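Chemist: After the C-alpha cells below, expect a handful of questions from me.
The values are calculated or read from the model by the stated rules, or taken from the named source; none is laboratory data. Computed from a prediction, not measured in an experiment: that's the story for all the values here. A quick note on method: Cβ atoms are made from the backbone with ideal geometry, for glycine too, and the neighbour counts reach across all protein chains shown.
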Amino acid sequence: MALDSATQNFLQMAAEAGGKPPWEVSLAEARGAGAAFATLQGAGPEVQSIEEHQLEGGGGPFNVRVYSPQAEPNSVFVYFHGGGWVLGDIAEQDVLARNLTAETGSTVVMVNYRKAPENPFPVPADDAWTALLWAAERKEELTGRPDAPLVVAGDSAGGNLTIITTHRAREAGAPKIDLQVLVYPVTDADFERASYLAPENQLMLNKTMMEWFWDQYVPDPSQRHHPEASPLQVVDLSGLPPAVVFVAEHDVLRDEVEAYARRLQEAEVPVEEILVDGQMHGFISMINILPAANETVRAIGSQLQGRFAAAEA
C-alpha cells in the first residue's frame, strides 16, 4: 500500500518549505525545528491538571510532566517520546499527551529524559528507569489507587527506552508492569535490513538519519549491540509484560520492530501486533496533522480501557 494522501500532502509541503537535515545544522537549530513543527498541531483536549516535577538522574536532573484526566484515572501511563535520543522535548508533545490522557483515561507521565550527544548512552535509559520507578512508587498519589495498573509506552527511541525499562523491571523483580505499548520502537543497530534499504521507506526518517542518531547516542559502534542499546540482542525475552506493538508500513525500522514482536511471541509473551497501513515513521507525533496519529491514540485508549475494564470485572 502506498502512503496515504494526508502523508503525501504533508511531505510535499515539507519539501516546499525546505530545511536541512539535522547533521547539516547546529543542534540548537535542529531542536528548534521540532518546536516550530509542534505549533502546527493546534490545541489538545482539556485535562484536569498538569504538574511539573524535577527528578534526579545519575549525574543530573531532568523533569517529568504529569497530565491528570477529567475522570478518575484508571492507570498510570508512563510515556517516552521519540527523536532519536537527540531531538524532542515534552513541551513539543503536549498535544499528544493531552490526547493520550483523554483517550486512555490514565494519569499520563511524560518523561523529558536527557538527550545525546550531551548525555549519550546509557543516560537516557537510566533516566527512563528513574522515571518509571518514580511513577510506580506514586501510583496512589497519581490515581487514588495503590493497585492501579502501570503502563509503560513510547515511540521510536522512546519505544527503545520503554523496552529497556521492561527488561530492568524483570531483572529487578519490580515494579510490576501491566502493559507495554511500543510504537515503532528502535530495537537494533543493523542498517542493512531490507526495510532500511527500501527506497520507499526513505522518508522523514531514513537510513542516513538513523545512522546519525546512533552516532550521537552510542558513538562507539562496538557498543551498539549492548542489550540496553539494541534489545533485540537480548537472549531471553520471557517473563516480560504483555505488549501492544504498532508497526508503520513505510518505516526503515519495520523489520526490526516486527522481529522484536516475533521474539516476544516466541518467548510466550502475549503480543498484539498492529500494522498501520500507509504510514511513515514518526506519524504518532503528528496529532491533528495526520489522521492516523489520532486513530492510533484512540486505539491505544481502546487497548487500555478493554484490558483494565476486563481485569476489574
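Chemist: Return the pairs, sorted by first residue and then second, in which the second residue is in a loop (DSSP other than H, G, I, E, B) and of a type in the set (A, V, I, L, M, F, W, C), the first residue lies in segment 284-296 and is more than 13 Å from PHE37 (Cα to Cα) and at pLDDT 95 or above, the beta carbons are less than 9 Å apart, and the residues are 6+ apart or on different chains.
Modeler: Correct list of pairs: ILE284/LEU290; ALA292/MET286; ALA293/MET286; ALA293/ILE287; ASN294/ILE287.
Chemist: Out of everything in segment 216-231 that is part of a helix (DSSP H, G or I) and in contact (Cβ under 8 Å) with a residue 60 or more places away in the chain, what residue ends up being surrounded by the most Cβ atoms within 10 Å (Cβ to Cβ)?
Modeler: Ranking the qualifying residues of segment 216-231, first place goes to TYR217.
Chemist: Oh, and also: Of these, VAL244, VAL271, VAL234, which one is within 23 Å of ALA174 (Cα to Cα), under 20 Å from the mean Cα position of the chain (by Cα) and surrounded by fewer than 19 Cβ atoms within 10 Å (Cβ to Cβ)?
Modeler: The conditions single out VAL234.
Chemist: Pick out the one residue from GLU268, GLU249 that is modelled with pLDDT of 95 or more, of a type outside the set (Val, Ile, Thr) and not in a loop (DSSP other than H, G, I, E, B).
Modeler: Step by step, each of GLU268, GLU249 is checked, and only GLU249 is modelled with pLDDT of 95 or more, of a type outside the set (Val, Ile, Thr) and not in a loop (DSSP other than H, G, I, E, B).
Yes or no, residue by residue, for (1) surrounded by 11 or more Cβ atoms within 10 Å (Cβ to Cβ); (2) not in a helix (DSSP H, G or I):
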site: LEU3; (1), (2): yes, yes
site: THR7; (1), (2): yes, no
site: ALA14; (1), (2): yes, no
site: TRP23; (1), (2): yes, no
site: ALA28; (1), (2): no, no
site: ARG31; (1), (2): yes, no
site: ALA35; (1), (2): yes, no
site: ALA38; (1), (2): yes, no
site: ALA43; (1), (2): no, yes
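Chemist: All but one of (1) over 30 Å from ALA36 (Cα atoms); (2) touching a residue at least 24 places away in the same chain (Cβ under 8 Å) hold for MET209, so report the exception by its number.
Modeler: Result: MET209 fails condition (1) only.
Here is a yes/no grid of residues against (1) within 24 Å of PRO124 (Cα to Cα); (2) of a type in the set (Asp, Glu):
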| position | (1), (2) |
| --- | --- |
| LYS20 | no, no |
| SER26 | yes, no |
| ARG31 | yes, no |
| SER49 | no, no |
| HIS53 | yes, no |
| GLU56 | yes, yes |
| VAL64 | yes, no |
| TYR67 | yes, no |
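Chemist: Let me ask something else about it. Search segment 1-16 for residues that are without any contact (Cβ under 8 Å) to a residue 60 or more places away in the chain and pair each with any residue that is exposed (fewer than 14 other Cβ atoms within 10 Å of the Cβ) and not in a helix (DSSP H, G or I) when their beta-carbon atoms are under 9 Å apart and the residues are at least 6 apart or on different chains.
Modeler: GLN8/ALA2
Chemist: Of the numbered conditions (1) closer than 27 Å to ALA174 by Cβ; (2) at pLDDT 95 or above, ALA311 satisfies every one except a single condition; which is it?
Modeler: So the condition that ALA311 fails would be (2).
Chemist: So in segment 45-67, with the set limited to residues that are of a type in the set (Gly, Ala, Ser), assigned to a strand (DSSP E or B) and in contact with a Lys or Arg (Cβ under 9 Å, 6 or more places away or on another chain), which one is surrounded by the most Cβ atoms within 10 Å (Cβ to Cβ)?
Modeler: Applying the filter and picking the extreme gives GLY57.
Chemist: Oh, and also: I need a count of the residues in segment 196-208 that are in a helix (DSSP H, G or I) and crowded, with 18+ Cβ neighbours inside 10 Å.
Modeler: Looking only at that region, the number is 2.
Chemist: Oh, and also: Out of all the residues in segment 159-193, which are touching a strand residue (DSSP E or B) at 6+ places or on another chain (Cβ under 9 Å) and closer than 15 Å to LEU205 by Cα?
Modeler: Passing the criteria: VAL183, TYR184, PRO185.
Chemist: For ASP190, state whether it is closer than 25 Å to GLY88 by Cβ, assigned to a helix (DSSP H, G or I), touching a residue at least 60 places away in the same chain (Cβ under 8 Å) and of a type in the set (Asp, Glu).
Modeler: no
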